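Each remark here refers to the structure printed beneath this line.
The values are calculated or read from the model by the stated rules, or taken from the named source; none is laboratory data. Remember, predicted model here, so these are calculated numbers, not experimental data. Glycine also receives a Cβ, built like all others from the backbone with ideal geometry; neighbour counts cover every protein chain displayed. Surface areas here come from the heavy atoms of the whole protein model, side chains and all, with no ligands, DNA or RNA. Shrake-Rupley method; radii C 1.70, N 1.55, O 1.52, S 1.80 Å.
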Number of protein chains: 4
Amino acid sequence: MALVRATLGLVETGRTEIHLPHWPGIEQQHGFIHGGVVGMIADSAAGYAAMTVAPEDASVLTVEYKMNLLSPADGDGLIARGEVVRAGRTLIVTKAEVMALHEGRERLCALMQQTIMVMAGKAEKQAG
Amino acid sequence: MALVRATLGLVETGRTEIHLPHWPGIEQQHGFIHGGVVGMIADSAAGYAAMTVAPEDASVLTVEYKMNLLSPADGDGLIARGEVVRAGRTLIVTKAEVMALHEGRERLCALMQQTIMVMAGKAEKQAG
Amino acid sequence: MALVRATLGLVETGRTEIHLPHWPGIEQQHGFIHGGVVGMIADSAAGYAAMTVAPEDASVLTVEYKMNLLSPADGDGLIARGEVVRAGRTLIVTKAEVMALHEGRERLCALMQQTIMVMAGKAEKQAG
Amino acid sequence: MALVRATLGLVETGRTEIHLPHWPGIEQQHGFIHGGVVGMIADSAAGYAAMTVAPEDASVLTVEYKMNLLSPADGDGLIARGEVVRAGRTLIVTKAEVMALHEGRERLCALMQQTIMVMAGKAEKQAG
């Protein structure tokens, strides 16, 4: 996350927020923030949310996610909000919204649904 | 894509390949390549594939994608292969596979399904 | 929808509800309601929600959807709630939740994210 | 599956086929086969494929799936082909294609990507 200059803005049980400033290194050809970067902060925000409800000695792995890009990721920066929808012993389902900031106002620019796997102990080499 | 040091390795009609070396700046906590970066090159490979079948003066926008992360993105680097599944006038459906390279051998590490929108003329401010 | 005995319980602008009784013909091997039927009512609830915000002479077509099945679809019946997330001229993004009813109480059993295409005039033969 | 008159046409290790005739009870308003029914046979074909690689005493549960509807499900009937992409101990990732039959010729009408969970012993009440 350091690579794209994202920071963790909020961590609560089942809920996190990631903040990303808009800077030239993460822009695509039209001057918006690259969809892949939007995906990256959404994935991370939801993954961290899952971590807050997993056992302390467990790792979490993203199994899959689905992302709708709703409007251009432009403006002054982005906020990704991750949230746990359902926490099971093995799988945690989460969702995330990404908001684009325009002079302090937020506009929804991406919506994600994600499945996370809880790995007992430290992360193993193979998901699944 | 320069940010993560990815390069376009192949461009054919309806098919592209993106190459990514494994370097420390794109690793997550376990030393694998970050899932968000895997998503980024898969999204780009499939998006470029869509571009090869869109009219020359049109732009393409990612509407949505769904990605399964199948095994850790480790090894010497990644290859993302994008492919057009069906090209309509307004929407193009694509898929991508991401392979992890281990001493010249490939292993499937991610699978993506994506919807792309064709925008006549230059990109507009609002998708949809 | 008649086939599975589903009925439209609510229609507002950007929001609908589908009700489904639990009956033997829609069960899978464990006595729960079949995941395909859960998908069918979620898809329909969100598609009808899209219809309420589309121009009157337009048709809507499901481009794609992604569904997480969170807990067994058991109990006395299901309610699928569809909602428009963002309505564009060409594409409408929606979401749906499916609740299982247990003696009047609801439990979330499925979560869906969907992309709908607006077709001017009557439906054409080819999506895209 | 009996409800929609679907039959299992092929079962191999990691691969299955479901056949569905076109009949009035499964049509939507334009005379095509309902998208929900397309989803149901794709989900089932891929789920059965997962079953062929799971331990004999285990159950499989659909965790999630994502489906692109590429062209109308019309013609004489449908064939859904399910295939295992990667089989882990806990999760199996599959894909499915649905083909519409027109006088013996096939046309791709839907593409699905799916995550399946393997449950040791008989199915439990709660996924995850």
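Sorting A:3-13, C:96-106 by their mean Cβ neighbour count within 10 Å, with the most densely packed peptide first, gives C:96-106, A:3-13.
For the protein assembly as shown, the square roots of the Cα gyration tensor eigenvalues, ordered a ≥ b ≥ c, give a/c below 1.5, which places it in the rounded category. Peptide C:39-45 shows a mean partner chain C-beta count of 5 within 10 Å per residue C-beta. Peptide A:3-9 shows a mean partner chain C-beta count of 2 within 10 Å per residue C-beta.
Positive end of the dipole of the range C:2-120 (Cβ unit charges, origin at the Cα centre): among C:2, C:30, C:115, the Cα lying farthest that way belongs to C:115. With contacts taken as Cα pairs under 8 Å at a separation of at least 6 residues, chain C carries a relative contact order of 27 percent. Other residues lying with their Cβ under 14 Å from the Cβ of residue C:36 contribute a combined charge of -3, Lys and Arg counting +1, Asp and Glu -1. Note on chain A: helix-only mean residue ellipticity at 222 nm, from DSSP H runs of 4+ residues weighted -39500 (n - 2.57) and normalised by residue number, equals -4500 deg cm²/dmol.
Helix B:35-51 axis versus longest C-alpha principal axis of chain B: approximately 40°, rounded to the nearest ten. Counting charges near residue D:108 (Lys, Arg +1; Asp, Glu -1) among other residues having Cβ under 9 Å from its Cβ returns a value of 0.
Toward the positive end of the charge dipole of the range D:2-120, with +1 on the Cβ of Lys and Arg and -1 on the Cβ of Asp and Glu, the farthest Cα among D:55, D:80, D:19 is that of D:55. Each other copy places its own label point for residue C:55 at 1.8, 5.8, 5.9 nm from this one, sorted shortest first, where the point lies 7 Å along the Cα-to-beta carbon line.
Taking both sides together, the accessible area buried where D meets C is about 2600 Å² for a 1.4 Å probe.
Between copies, the label points of residue B:29, set 7 Å from Cα on the Cα→Cβ line, lie 3.8, 3.8, 5.0 nm apart, reported in increasing order to one decimal in nanometres.
Each other copy places its own label point for residue D:13 at 4.0, 4.7, 6.0 nm from this one, sorted shortest first, where the point lies 7 Å along the Cα-to-beta carbon line. Surface composition of chain D: carbon plus sulfur atoms hold 50% of the accessible area, using a 1.4 angstrom probe and ignoring ligands, DNA and RNA.
Inter-chain Cβ neighbour count for D:86-98, averaged per residue, equals 4 (cutoff 10 Å, partner chain atoms only). Once the chain from residue C:102 to residue C:27 is taken as fully extended at 0.36 nm per residue, the excess over their C-alpha distance is 25.4 nm. Rolling a 1.4 Å probe over the heavy atoms of the protein chains gives chain B an accessible area of 40 Å² per residue.
With a Förster radius of 30 Å applied to the beta-carbon distance between residue C:76 and residue D:90, the computed FRET efficiency rounds to 0.45. Each residue was assigned an accessible area with a 1.4 Å probe, and for residue A:74 the value is about 20 Å². Within the shell defined by Cβ-Cβ distances under 12 Å, the residues around residue C:76 carry a net charge of -1, with Lys and Arg each +1 and Asp and Glu each -1.
About the centre of its Cα atoms, the range A:48-94 shows a dipole size close to 240 debye [charges on the beta carbon of Lys, Arg (+1) and Asp, Glu (-1) only; nearest 20 debye].
Spin-label model, residue C:1 to residue B:1: label points 7 Å out along the Cα-to-beta-carbon direction sit 4.4 nm apart. Only Cα sites of the range B:2-120 enter the Debye sum here, all with the same form factor; the resulting log10 I(q)/I(0) across q = 0.16 1/Å is -0.68, listed in q order.
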